[in-house]
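S.K.: Dropping a structure here in structure tokens format, bear with me for questions.
The values are calculated or read from the model by the stated rules, or taken from the named source; none is laboratory data. Everything numeric in this text was worked out from a predicted model, so none of it was measured. No Cβ is skipped: glycine too gets one built from the backbone with ideal geometry, and neighbour counts run over all protein chains shown. Surface areas here come from the heavy atoms of the whole protein model, side chains and all, with no ligands, DNA or RNA. Shrake-Rupley method; radii C 1.70, N 1.55, O 1.52, S 1.80 Å.
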Amino acid sequence: MTERSLTGRVALITGANKGIGLEIARQLATAGATALIGARNSAAGEKAVEDLAADHLDARLIRIDVTDRSSIEQSASRIERDFGKLDILVNNAGIGIDNAPPSQLEMDLLRRTYETNFFGVFAVTKAMLPLLRKSDSARIVNMSSGLGSLTLNSDPGYQYAGAKLLAYNSSKSALNALTVQFAHELRDTPIKVNSADPGYVATDLNNHRGTRTVEQGARAAVKLATLPADGPTGGYFDEDGVVPW
Ligand code: NAP
């Protein structure tokens with residue numbers, strides 16, 4: 001990505017009012033994109049927009065709750081009206097609310113996790129696809145996690161092998177399946193669909209226990225959001241390269 005190389009590009013980042021999403025928005029806007037700050041809470045989203053605007057970046061608020069179909073449809077209509085297309089969709093909004101080992105997990109918690117981390121991504125992607133098809137080189141990035149890797153999770157030597165969070169981890173494994181299937185369906189279009197693993201990043205999601213900064217955590221997603229025409233699709237990557245499924 002070269003300086004200002006994204007001028008004229010429109011990027012929607014869900015859950016962009018804070019954490020990794022806000023930093024992805026900042027990096028894409030710094031490269032010249034119009035960053036649509038997806039936020040379910042208008043006040044929090046407005047504050048993020050103001051933060052970026054203070055740095056002379058082009059950021060606008062889109063009120064979108066990924067579990068609320070009408071807010072998704074309204075967001076798509078507004079992007080259609082204001083821009084007529086969408087170049088980058090970063091499905092970043094996610095929650096991690098596990099509080100018990102698999103055998104003691106409440107069904108409701110499992111369902112709520114999937115509502116945001118899987119069904120939310122599906123609903124937003126489906127609604128935005130007509131706009132992404134109007135771009136000459138659209139990119140979809142799904143914020144997964146190393147915890148979504150079945151290969152890593154089944155390895156007792158994995159650094160985070162102890163983090164057996166059934167709801168969170170499996171929702172990200174399902175998200176990876178969504179990446180593979182949408183990439184396959186869209187393989188003859190310019191649209192590329194990939195999963196990003198940001199690493200263990202200090203954010204509200206983990207009470208800031210993560211060891212990486214949001215700047216580091218945003219890199220994999222930004223790279224996938226700005227892939228060249230000969231870049232990969234249907235893959236799973238961290239900042240350093242391929243992550244095993
Ligand atoms: P975060 O600081 O807690 O941010 C999560 C964002 O998602 C917030 O903006 C939150 O909005 C938003 N969100 C949650 N539910 C939503 C909904 N229904 N509709 C719209 N927005 C919603 O966490 P983060 O660490 O930056 O996480 C960003 C993504 O990275 C997530 O998908 C997460 O699973 C993934 N990830 C993080 C790590 C890590 O170590 N931090 C590692 C691997 C993957 P509110 O402010 O309104 O709650």
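S.K.: When you scan the range 128-139, do you find a residue that is over 23 Å from VAL222 (Cβ atoms) and over 14 Å from the mean Cα position of the chain (by Cα), even just one? Lay out the reasoning, then the answer.
M.R.: Narrowing the range 128-139 to residues over 23 Å from VAL222 (Cβ atoms): 130.
Those left that are additionally over 14 Å from the mean Cα position of the chain (by Cα): 130.
Within the range 128-139 (the criterion being over 23 Å from VAL222 (Cβ atoms) and over 14 Å from the mean Cα position of the chain (by Cα)), the answer is yes, since at least one residue qualifies.
S.K.: Being small (Gly, Ala, Ser), on the phi > 0 side of the Ramachandran plot and either over 15 Å from the mean Cα position of the chain (by Cα) or not in a loop (DSSP other than H, G, I, E, B) (or both) is the filter here, so list the residues in the range 198-245 that pass it.
M.R.: Keep residues of the range 198-245 that are small (Gly, Ala, Ser), which gives 199, 202, 210, 217-218, 220-221, 225, 229, 231, 234-235, 241.
Next, only the ones that are on the phi > 0 side of the Ramachandran plot stay: 199, 234, 241.
Hit for the range 198-245 is GLY241, nothing else.
S.K.: For the range 72-105, what are the residues that are buried (at least 18 other Cβ atoms within 10 Å of the Cβ) and of a type in the set (Ser, Thr, Tyr)?
M.R.: SER75 - this is the single residue of the range 72-105 that is buried (at least 18 other Cβ atoms within 10 Å of the Cβ) and of a type in the set (Ser, Thr, Tyr).
S.K.: Here's another thing I want to ask about it. Please list, ordered by first then second residue, the pairs with beta carbon atoms under 8 Å, 6 or more apart or interchain, first in the range 141-155 and closer than 30 Å to VAL10 by Cβ, second among the basic types (Lys, Arg) and assigned to a helix (DSSP H, G or I).
M.R.: Pairs that qualify, where the first residue is closer than 30 Å to VAL10 by Cβ and the partner is among the basic types (Lys, Arg) and assigned to a helix (DSSP H, G or I), are SER144/LYS172; SER145/LYS172; GLY148/LYS172.
S.K.: Residue under question is GLY148, and the condition is that it be under 20 Å from GLY241 (Cβ atoms) and modelled with pLDDT of 95 or more; does it hold?
M.R.: Working: under 20 Å from GLY241 (Cβ atoms): yes; modelled with pLDDT of 95 or more: yes.
So GLY148 passes the test.
S.K.: Quick one: count up the residues across the range 211-222 that are crowded, with 19+ Cβ neighbours inside 10 Å and either of a type in the set (A, V, I, L, M, F, W, C) or in contact with a strand residue (DSSP E or B) (Cβ under 7 Å, 6 or more places away or on another chain) (or both). Steps first, answer last, please.
M.R.: Of the range 211-222, the ones crowded, with 19+ Cβ neighbours inside 10 Å are 214, 217-222.
In the following step, the residues that additionally are either of a type in the set (A, V, I, L, M, F, W, C) or in contact with a strand residue (DSSP E or B) (Cβ under 7 Å, 6 or more places away or on another chain) (or both) were identified as 214, 217-218, 220-222.
Result for the range 211-222: 6.
S.K.: Can I ask one more? What is the residue count in the range 5-25 for residues that are closer than 19 Å to LEU205 by Cα and either part of a helix (DSSP H, G or I) or open to solvent by less than 20 Å² (accessible area, probe 1.4 Å) (or both)? Before you say what the answer is, go through the steps one by one.
M.R.: Residues of the range 5-25 closer than 19 Å to LEU205 by Cα: 13-25.
Of the ones still in play, those that are also either part of a helix (DSSP H, G or I) or open to solvent by less than 20 Å² (accessible area, probe 1.4 Å) (or both) are 13-14, 16, 19-25.
Total satisfying the criteria: 10.
S.K.: Also, I was wondering about something else. What about SER195, is it assigned to a loop (DSSP other than H, G, I, E, B), open to solvent by less than 30 Å² (accessible area, probe 1.4 Å) and either within 30 Å of SER77 (Cβ to Cβ) or out of contact with any Ser or Thr (no Cβ under 8 Å at 6 or more places or on another chain) (or both)? Can you show your working first?
M.R.: Working: assigned to a loop (DSSP other than H, G, I, E, B): no; open to solvent by less than 30 Å² (accessible area, probe 1.4 Å): yes; either within 30 Å of SER77 (Cβ to Cβ) or out of contact with any Ser or Thr (no Cβ under 8 Å at 6 or more places or on another chain) (or both): yes.
Against the criterion (assigned to a loop (DSSP other than H, G, I, E, B), open to solvent by less than 30 Å² (accessible area, probe 1.4 Å) and either within 30 Å of SER77 (Cβ to Cβ) or out of contact with any Ser or Thr (no Cβ under 8 Å at 6 or more places or on another chain) (or both)), SER195 does not qualify.
S.K.: Is it the case that ARG112 is within 16 Å of the ligand (Cβ to nearest atom), under 24 Å from HIS208 (Cβ atoms) and either among the aromatic types (Phe, Trp, Tyr) or in a helix (DSSP H, G or I) (or both)?
M.R.: Values: within 16 Å of the ligand (Cβ to nearest atom): yes; under 24 Å from HIS208 (Cβ atoms): yes; either among the aromatic types (Phe, Trp, Tyr) or in a helix (DSSP H, G or I) (or both): yes.
Here the answer is yes, as ARG112 does meet what is asked.
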